[in-house]
Amino acid sequence: MADPDIADSRKYQNISILFVDDDKMAQKLMSKFLKDWNIFCASSGKEALEAMEEKTYAVVFLDYQMPGMNGIELLQRIKKRHNMVQVIMITGSDELNTLITSLSHGADDFILKPVKKETLFKVLGNTCDKITRWTGVMKALYKKKKNRPEPPEKSGKPETPQAKK
């Protein structure tokens, strides 16, 4: 049987991941965990925003505490411009307020450091399942709309009900 991590990466091969953390060791660890996935690492909020202008990412893992633009500020900027992107906050803080702040500003999920591989894949799998489900619904709605007959052209005159016989 195939390694489930690799199987998931094949199942979700079209899903691009952006990992944002100023800690190079965290980037190396995440790249190692997600070696079979389509992942790009950024070291700052500025670099992350530039990467998102160049390519579409479906999932962003975002460190809560970074120098310069912090995780919450970056989260807000991502959600304002790319509101369908799934943002998963990552933090070493054990403060409940960190979780509440992240979720209230639009984070879709939350992982505590140190990141455990099992937790990472559970959260990533759930997130990818949600993206896949949403994509399916959007395609079905688009197809339904495309196949729906267009209403007749309106002349600009109010419609009058036909008299009953």
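The values are calculated or read from the model by the stated rules, or taken from the named source; none is laboratory data. Keep in mind that what you see is a predicted model, and the values were worked out from it rather than measured. Quick reminder, even Gly has a Cβ in these numbers, built from the backbone with ideal geometry, and neighbours come from all protein chains shown.
Scanning segment 76-90 for residues that are surrounded by fewer than 19 Cβ atoms within 10 Å (Cβ to Cβ), in contact (Cβ under 8 Å) with a residue 24 or more places away in the chain and outside any loop (DSSP other than H, G, I, E, B) gives Gln76, Arg77, Lys79, Arg81.
Being closer than 17 Å to Val20 by Cβ, surrounded by fewer than 17 Cβ atoms within 10 Å (Cβ to Cβ) and charged (D, E, K, R) holds for only one residue in Glu95, Glu73, and it is Glu73. Looking at the structure I just gave you, is Gln13 polar (S, T, N, Q) and at pLDDT below 95? So Gln13 fits the description; yes. With respect to the conditions (1) of a type outside the set (A, V, I, L, M); (2) under 21 Å from Trp134 (Cα atoms); (3) in a helix (DSSP H, G or I), Tyr57 falls short on a single one, namely (3). Restricting attention to segment 26-48, the residues that are more than 24 Å from Leu99 (Cβ to Cβ) and either acidic (Asp, Glu) or assigned to a helix (DSSP H, G or I) (or both) add up to 6.
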